[in-house]
């Protein structure tokens, strides 16, 4: 069962980014986590995630952009990689605020929200 380690919220030009970091032991746990995110953040247009899972002496890496521009799933994966977070899932749900951020702005916002969740797990 996935365990939430931390969470963070970022607002960029009225768009709200809800980031959550989970410790997981199996890829199947993604389904339950995403079901919860879709219910909790019903107004979110995109639920992007990245996963690093240590298994059998190797690390499985996956990500999903959920139709968002700028490959935010890949951005989230780079956060997990840079922090050496294996057996973790990083999810960011975006509730659109009416202002288009552009590819670069979207990538920066997802990166900042994801980093905030990771840093909250580290104790700041």
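The values are calculated or read from the model by the stated rules, or taken from the named source; none is laboratory data. Keep in mind that what you see is a predicted model, and the values were worked out from it rather than measured. Heads up, the Cβs are rebuilt from the backbone with ideal geometry, glycines too, and the neighbour counts pull from every protein chain shown.
Worth a mention:
- Restricting 45, 14 to residues that are under 23 Å from residue 100 (Cβ atoms) and surrounded by fewer than 13 Cβ atoms within 10 Å (Cβ to Cβ) narrows the list to 14.
- Of all residues making up region 1-26, the number that are touching a strand residue (DSSP E or B) at 6+ places or on another chain (Cβ under 8 Å) and more than 28 Å from residue 55 (Cβ to Cβ): 6
- Which numbered condition residue 86 misses (of (1) assigned to a loop (DSSP other than H, G, I, E, B); (2) modelled with pLDDT of 95 or more; (3) under 23 Å from residue 122 (Cβ atoms)): (2)
- Residue count, region 24-35 (criterion: surrounded by 14 or more Cβ atoms within 10 Å (Cβ to Cβ) and modelled with pLDDT of 95 or more): 2
- Being in contact (Cβ under 8 Å) with a residue 24 or more places away in the chain and assigned to a helix (DSSP H, G or I) is a property that holds for residue 77.
- Residues (surrounded by 14 or more Cβ atoms within 10 Å (Cβ to Cβ) and in contact (Cβ under 8 Å) with a residue 24 or more places away in the chain) located in region 60-74: 62, 68, 69, 70, 71, 72, 73, 74
- When residue 6 is tested against (1) under 22 Å from residue 106 (Cα atoms); (2) surrounded by fewer than 19 Cβ atoms within 10 Å (Cβ to Cβ); (3) under 14 Å from the mean Cα position of the chain (by Cα); (4) free of Cβ contacts under 8 Å to residues at least 24 places away in the same chain, only condition (4) is not met.
- Here the condition is being assigned to a strand (DSSP E or B) and touching a residue at least 60 places away in the same chain (Cβ under 8 Å); of 52, 94, it holds for 94 alone.
- Scan of region 98-111 for residues that are closer than 24 Å to residue 33 by Cβ and part of a loop (DSSP other than H, G, I, E, B), ordered by number: none
- Flag if residue 25 is under 27 Å from residue 98 (Cβ atoms) and in contact (Cβ under 8 Å) with a residue 40 or more places away in the chain: no
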